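> The structure follows.
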Amino acid sequence: MNLLAAAGWGSHERSTLQIDWSVNAGETNVRAAAVQLNSKDDKGRNLEVADRLTRAAAADGATLVLLPEKFNVLGTHEDYVAGAETLDGPTVTWARDTARELGIDLVAGSIVERREDRDKLSNTSIHAGPDGELKAVYRKIHMFDVEVGGQTYRESESQEGGHEIVASTSAEGVGLGLTVCYDLRFPELFRTLAVEGARVLLVPAAFTKVTGEAHWEILLRARAIENQAFVVAADQVGPHPPDKVSFGGSMIVDPWGEVLARAPDEECFVAADLDLERQEEIREKLPSLANRVPDAYRRPAEALH
């Protein structure tokens, strides 16, 4: 299926996609957690903290745990080249083993992935299910090539963007939409995921201090409101090599745009119960997703400046 066409983007045909927003019988709540880290270039230390906080979140009752972007290595382009792994490497193996041991859905934020016959690396998020199997692999589509706060970021120097929109499903049968960081600024991606049935939108990130202070909460709440979905966002916090600072403020937002949990400026996790019945009520009483009119939507071939 052409996901963009199904969502009404770049297509003049009305979508006939049937959206299944149901969950397994008896499931009305899912406890989700966002783990906030201050990852740097020390992979061993980063994985140790990620493991400790993932276990703490599971002990708190979370069955869906999200880690931040580049949680195992956050640093320079040289650090990424040196620390890149394949999907059968130690970091993904840890994620699969931990998900199986704890019986949780673990979305391992993202890692820098090395793929065979590729010159550049990928910024890759993986979903490991309670059985330890890989349920989904998403490669970040939008590369962070910007200038903000007097600093230049060129993610594409060592990495390349993906091309596939990826949704998954939790053990409770809840649709999950996978994104990474800068993707947050592209609402068409989130709308496509929602139309495809995602009820929880996942945002692992390493948002900059400058953009985080200005836009982080606004964008997260907007994506939640416009898609009538829960948004779980796990951010990096504090300084990391070479001279960058991440914002923090990991949070969980409900489909009405209310912030259910927000992290302080430290390594920690935050958790909240996602009330699926409330989500269904919001979508039923204010049916903005159902009231979409794909025939009316047109987009220019190029961005207008």
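The values are calculated or read from the model by the stated rules, or taken from the named source; none is laboratory data. Just so it is clear, the structure is predicted and the values come from calculations on it, not from any experiment. Don't worry about glycine lacking a Cβ; one is built from the backbone with ideal geometry, like all the others, and counts go over all protein chains shown.
> Being under 30 Å from Ala290 (Cβ atoms), of a type in the set (Gly, Ala, Ser) and part of a strand (DSSP E or B) is the filter here, so list the residues in the stretch 235-261 that pass it.
Quick first cut of the stretch 235-261, residues under 30 Å from Ala290 (Cβ atoms) only: 251-261.
Narrowing the set further to residues that are of a type in the set (Gly, Ala, Ser) leaves 257, 261.
Of everything in the stretch 235-261, just one residue is under 30 Å from Ala290 (Cβ atoms), of a type in the set (Gly, Ala, Ser) and part of a strand (DSSP E or B), namely Ala261.
> Given (1) more than 24 Å from Val137 (Cα to Cα); (2) in contact (Cβ under 8 Å) with a residue 40 or more places away in the chain; (3) in a loop (DSSP other than H, G, I, E, B); (4) not basic (Lys, Arg), where does Pro264 come up short, assuming only one miss?
All conditions are met except number (2).
> Also, I was wondering about something else. So which of Thr76, Thr93, Thr63 is of a type in the set (Val, Ile, Thr), in contact (Cβ under 8 Å) with a residue 12 or more places away in the chain and out of contact with any strand residue (DSSP E or B) (no Cβ under 7 Å at 6 or more places or on another chain)? Show your work before the answer.
Numbers: Thr93 fails: in contact (Cβ under 8 Å) with a residue 12 or more places away in the chain; Thr63 fails: out of contact with any strand residue (DSSP E or B) (no Cβ under 7 Å at 6 or more places or on another chain).
Only one candidate qualifies: Thr76.
> Give the residues of the stretch 140-171 that are charged (D, E, K, R) and buried (at least 18 other Cβ atoms within 10 Å of the Cβ), sorted by residue number. Give the steps one after another, and end with the answer.
Within the stretch 140-171, the first condition is being charged (D, E, K, R), and the residues that meet it are 140, 145, 147, 154-155, 157, 160, 164.
Residues satisfying the conditions are Lys140, Glu155.
> So, of the residues in the stretch 146-173 that are under 24 Å from Val231 (Cβ atoms) and of a type in the set (Val, Ile, Thr), which turns out to be modelled with the lowest pLDDT?
Step by step, filter the stretch 146-173, then rank; the result is Val148.
> Of these, Val137, Val92, Val81, Val107, which one is crowded, with 24+ Cβ neighbours inside 10 Å, in contact with a Leu (Cβ under 9 Å, 6 or more places away or on another chain) and among the β-branched types (Val, Ile, Thr)?
Among Val137, Val92, Val81, Val107, only Val107 is crowded, with 24+ Cβ neighbours inside 10 Å, in contact with a Leu (Cβ under 9 Å, 6 or more places away or on another chain) and among the β-branched types (Val, Ile, Thr).
> Now for a different question. Which residues, counting only those in the stretch 177-228, are touching an Asp or Glu at 6+ places or on another chain (Cβ under 8 Å), within 24 Å of Gly149 (Cβ to Cβ) and not in a helix (DSSP H, G or I)?
Of everything in the stretch 177-228, those that are touching an Asp or Glu at 6+ places or on another chain (Cβ under 8 Å), within 24 Å of Gly149 (Cβ to Cβ) and not in a helix (DSSP H, G or I) turn out to be Val180, Val203, Pro204, Ala205, Ala206, Phe207.
> Show the residue pairs meeting these rules: Cβ distance below 6 Å; 6+ apart or different chains; first residue within the stretch 169-193 and closer than 18 Å to Phe247 by Cα; second residue assigned to a helix (DSSP H, G or I) and not hydroxyl-bearing (Ser, Thr, Tyr).
Asp183/Leu189; Leu184/Leu219
> Restricting to the stretch 267-292, give me the number of residues that are outside any strand (DSSP E or B), among the aliphatic types (A, V, I, L, M) and touching a helix residue (DSSP H, G or I) at 6+ places or on another chain (Cβ under 7 Å). Steps first, please.
If we filter the stretch 267-292 for residues that are outside any strand (DSSP E or B), which is where we start, we get 267, 276-292.
If we keep only those that are among the aliphatic types (A, V, I, L, M) too, we end up with 276, 282, 286, 289-290.
Next cut, touching a helix residue (DSSP H, G or I) at 6+ places or on another chain (Cβ under 7 Å) only: 289.
The number of residues fulfilling the criteria is 1.
> Those residues that are farther than 23 Å from Ala59 by Cβ, among the hydrophobic types (A, V, I, L, M, F, W, C) and surrounded by fewer than 22 Cβ atoms within 10 Å (Cβ to Cβ), I need them from the stretch 236-275; list them, please.
Passing the criteria: Val245, Trp256, Val259.
> Just checking, does the stretch 25-44 include any residue being assigned to a helix (DSSP H, G or I) and either within 17 Å of the chain's Cα centre (by Cα) or at pLDDT 95 or above (or both)? Give the steps one after another, and end with the answer.
Restricting attention to the stretch 25-44, the residues satisfying the condition of being assigned to a helix (DSSP H, G or I) are 43-44.
This time we only want the ones that are either within 17 Å of the chain's Cα centre (by Cα) or at pLDDT 95 or above (or both), so: 43-44.
Within the stretch 25-44 (the criterion being assigned to a helix (DSSP H, G or I) and either within 17 Å of the chain's Cα centre (by Cα) or at pLDDT 95 or above (or both)), the answer is yes, since at least one residue qualifies.
> Right, here's the next one. Report whether or not Val231 is assigned to a strand (DSSP E or B), over 27 Å from Asp41 (Cα atoms), in contact with a Lys or Arg (Cβ under 7 Å, 6 or more places away or on another chain) and not basic (Lys, Arg). Lay out the reasoning, then the answer.
Working: assigned to a strand (DSSP E or B): yes; over 27 Å from Asp41 (Cα atoms): yes; in contact with a Lys or Arg (Cβ under 7 Å, 6 or more places away or on another chain): yes; not basic (Lys, Arg): yes.
Yes; evaluated as a whole, the condition is true for this residue.
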